[in-house]
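What follows is one structure encoded as structure tokens, with my remarks underneath.
No value in this document is a laboratory result; all are computed from the given coordinates. It should be emphasised that the depicted structure is a prediction, and the values quoted were computed from it without experimental measurement. Here the Cβ positions follow ideal geometry from the backbone for every residue, glycine too, while neighbour counts run over all protein chains shown.
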Amino acid sequence: MMKINKIKEMSSPELEKELSELKTELFKLRFSLATNGLDNPLKIKEVRKDIARIKTILRQRELTSNNN
């Protein structure tokens, strides 16, 4: 689980890279859940929340750059 402070410190390209990695991980987790079950199904929830946090920060940066 990523902390919001860590996310805010990352640059936008780093966040884009992290976002794509998390989406890939989420796909793998869902696939694993469907085929043979997961040891920790709550991991999917954590990854989804991390994706949402990153998208929120990227959107905030986009809005602040458009206002200036």
If you go through Lys17, Lys45, the only one that is under 12 Å from the mean Cα position of the chain (by Cα) and closer than 12 Å to Met1 by Cα is Lys45
Evaluate segment 33-55: report whether one residue or more is among the acidic types (Asp, Glu) and not in a helix (DSSP H, G or I). yes
- Taking Arg30, is it surrounded by 13 or more Cβ atoms within 10 Å (Cβ to Cβ), out of contact with any Phe, Trp or Tyr (no Cβ under 9 Å at 6 or more places or on another chain) and touching a residue at least 40 places away in the same chain (Cβ under 8 Å)? no
Checked Lys8, Lys17, Lys23 against criteria (surrounded by 10 or more Cβ atoms within 10 Å (Cβ to Cβ), touching a residue at least 40 places away in the same chain (Cβ under 8 Å) and under 25 Å from Arg61 (Cα atoms)); the one match is Lys8
